[in-house]
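Here it is, the structure, as structure tokens.
Nothing in this text is a laboratory measurement; each read-out follows from the coordinates by a stated rule. These numbers were taken from a predicted model, which means no experiment stands behind them. Neighbour counts are summed over all protein chains in view; Cβ atoms, including those assigned to glycine, are modelled from backbone coordinates with ideal geometry.
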Amino acid sequence: MSSIDQRLAAAGIELPRPVAPIANYVPFVRTANLVHISGQVSLDASGGITGVVGEDVDMAKAVAAARLCGVNLITQMKVACDGDLDRVVRIVKLGGFVQAGPTFFDIPTVVNGCSDLMVEIFGDAGRHARSAVGVYRLPRNFAVEVDAVVEIR
């Protein structure tokens, strides 16, 4: 078991099966030592966290949605690393998108749900550059979507 797998287990995280794309794209693209991971939504076995943050999704649920996106990103990283998450050198950048209501502006706090998970699991290698953007709508009404650029060996 890799050290990253041990950290996931200690955090009580069991990685789900990778989510298949819902349109004409691939889950990730590797070019040299960088992996660009397509946006992962707040989806889990129960159907996930949907709705508009600040209206029908409160802050705690929105942060949990972003964390769930992070779990799905790690799942895609594991596939890209042929099952060995210890090959992750650095989380380079996250792009966070929050389906926000018209009076909700605390987008960075929501996306921290994913950012905090990356640091919890990958340590200093999980510290990253980031965008956090409020959007009008996300696919299938998901509350949060996050994409990533990851350096691997």
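Less than 17 Å from a label point 7 Å out along the Cα-to-Cβ axis of Ser2: which backbone N atoms in the stretch 123-144 qualify, by residue?
The answer is 123-127, whose backbone nitrogens lie closer than 17 Å to the label point.
Most fluctuating residue of Ala32, Ala143, Ala66 in a GNM of the chain with Cα springs under 10 Å: which is it?
Judging by the Gaussian network model, the answer is Ala32.
How high is the relative contact order of the stretch 41-106, in percent, counting Cα pairs under 8 Å that sit 6 or more residues apart?
39
To test your reading of the geometry: what angle, between 0 and 90 degrees and rounded to tens, separates the Cα axis of helix 107-122 from the longest principal axis of the chain?
Helix 107-122 and the main axis of the chain meet at about 20 degrees.
Looking at the chain, I'd like the Rg to Rh ratio, where Rg is from alpha-carbon atoms and Rh is Kirkwood's inverse mean 1/r.
Radius of gyration over Kirkwood radius for the chain works out to 0.95.
Can I ask one more? Quick one: putting +1 on the C-beta of Lys and Arg, -1 on the C-beta of Asp and Glu, what dipole do you get for the chain around its Cα centre, in Debye to the nearest 20?
So the magnitude is around 360 debye.
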